[in-house]
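**Q** Here it is, the structure, as structure tokens.
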Amino acid sequence: MTETPSLDIYYFPTPNGRKIAILLEELGLSYNLKIVHIGQGEQFHPDFLRISPNNRMPVLVDHAPKGGGAPVSVFESGAIMMYLAEKAGRFWPQDVHKKYDVAQWVFWQMGNQGPKMGEHGHFHRADAENKHGDLSYPLRRFDNEVDRLYGVLNLGLFEKDWLAAGEYSIADMICYPWAALWKDRTSVDISAFPYVQRWLEKLSQRPAMHKALEIGKDLYQGPDKLTPEDREKFAKILANQRAVPIPEAWRQKKA
Ligand SMILES: N[C@@H](CCC(=O)N[C@@H](CS)C(=O)NCC(=O)O)C(=O)O
């Protein structure tokens with residue numbers, strides 16, 4: 001009889017979700033894949049908000065944490081990768097020099113590359129809709145910022161095989177899915193960043209990368225494949241969010 005894996009991964013095949021899939025495939029771990037249909041608003045379900053009050057996937061729940069005890073639940077992809085790498089004892093060397101070399105790139109990705117590339121895509125999609133007025137300021141702002149961020153990666157990879165610690169680590173895995181998006185971003189001239197180009201090429205050839213990028217891939221439809229009705233529905237759910245009040249179900253459970 002096969003054992004049920006102890007890891008639940010709440011997932012949708014976007015760059016932030018793929019980071020976790022890459023690490024899990026590199027580690028060769030089994031996991032229960034729990035698809036969160038973010039275009040249908042499943043991220044606002046009261047049970048999901050319990051483990052992800054930021055209404056975002058990915059989320060990890062480990063039912064067999066090191067040392068035992070209650071399940072550990074983690075949101076934010078950077079924290080999830082640290083958790084998994086630390087538990088497995090791979091891809092995050094713990095010697096103080098290497099540990100913080102890796103950590104700084106993980107934090108850089110979470111605070112810079114992910115959010116800025118996300119906004120870059122948001123404003124380019126909004127511009128293509130032709131109904132939001134003059135967006136030249138945010139377009140210029142995020143085109144510049146994304147160019148700057150590819151430059152940061154290029155500096156970080158100068159004459160190096162890997163971003164940090166002299167070895168393949170969660171620093172590379174976390175930066176890859178967003179960096180690989182240059183193909184869809186017309187404002188990015190990848191030939192200006194040869195060290196990034198070489199690194200992307202090398203990472204794209206890893207078998208675990210291939211496997212990870214297949215996971216749930218049919219669930220994702222690019223904006224060009226959506227009907228106008230679906231596009232409107234998704235925009236309502238994803239692009240106009242405000243604070244979520246405490247769910248009624250949480251209060252009832254307490255009473
Ligand atoms: N900082 C978060 C960002 C996660 C994130 O933005 N996830 C998006 C998909 S890429 C999501 O779940 N969006 C749902 C929504 O916007 O409501 C992380 O790295 O885990």
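**Q** All but one of (1) in contact (Cβ under 8 Å) with a residue 60 or more places away in the chain; (2) open to solvent by less than 50 Å² (accessible area, probe 1.4 Å) hold for H124; which doesn't?
**A** Condition (2) is where H124 drops out.
**Q** Could you please let me know if H132 is touching a residue at least 12 places away in the same chain (Cβ under 8 Å) and either open to solvent by 40 Å² or more (accessible area, probe 1.4 Å) or out of contact with any His (no Cβ under 8 Å at 6 or more places or on another chain) (or both)?
**A** Numbers: touching a residue at least 12 places away in the same chain (Cβ under 8 Å): no; either open to solvent by 40 Å² or more (accessible area, probe 1.4 Å) or out of contact with any His (no Cβ under 8 Å at 6 or more places or on another chain) (or both): yes.
Answer is no for this residue.
**Q** Another question, if that's okay. Could you please find all residues in region 74-87 being crowded, with 16+ Cβ neighbours inside 10 Å and not charged (D, E, K, R)?
**A** Residues satisfying the conditions are V74, F75, S77, G78, I80, M81, M82, Y83, L84, A85.
**Q** Now for a separate question. Taking the condition within 30 Å of W105 (Cα to Cα), among the hydrophobic types (A, V, I, L, M, F, W, C) and open to solvent by less than 90 Å² (accessible area, probe 1.4 Å), does F142 pass?
**A** Yes.
**Q** Of all residues in region 25-61, count the ones that are under 16 Å from K217 (Cα atoms), open to solvent by less than 10 Å² (accessible area, probe 1.4 Å) and either more than 10 Å from the ligand (Cβ to nearest atom) or among the β-branched types (V, I, T) (or both).
**A** Summing the residues that are under 16 Å from K217 (Cα atoms), open to solvent by less than 10 Å² (accessible area, probe 1.4 Å) and either more than 10 Å from the ligand (Cβ to nearest atom) or among the β-branched types (V, I, T) (or both) in region 25-61 gives 1.
**Q** Restricting to region 160-185, what's the tally of residues that are among the charged types (D, E, K, R), at pLDDT 95 or above and open to solvent by 20 Å² or more (accessible area, probe 1.4 Å)?
**A** Total satisfying the criteria: 3.
**Q** Cβ-Cβ below 8 Å, separation at least six or inter-chain, first residue in region 99-116 and more than 11 Å from the ligand (Cβ to nearest atom), second hydroxyl-bearing (S, T, Y): which pairs?
**A** Pairs that qualify, where the first residue is more than 11 Å from the ligand (Cβ to nearest atom) and the partner is hydroxyl-bearing (S, T, Y), are V102/S169.
**Q** Another question, if that's okay. Mind checking which residues of region 137-174 are in a loop (DSSP other than H, G, I, E, B) and over 20 Å from the mean Cα position of the chain (by Cα)?
**A** L157, F158, E159, K160, D161, A165, G166, E167 - these are the residues of region 137-174 that are in a loop (DSSP other than H, G, I, E, B) and over 20 Å from the mean Cα position of the chain (by Cα).
The values are calculated or read from the model by the stated rules, or taken from the named source; none is laboratory data. On a predicted model such as this, the values are computed, not experimentally measured, just so you know. All Cβ positions, even for glycine, are placed from backbone atoms using ideal geometry, and neighbour counts span all protein chains on display. For the accessible areas, the whole protein counts, side chains as well, though only heavy atoms, and no ligand, DNA or RNA atoms are used. Shrake-Rupley method; radii C 1.70, N 1.55, O 1.52, S 1.80 Å.
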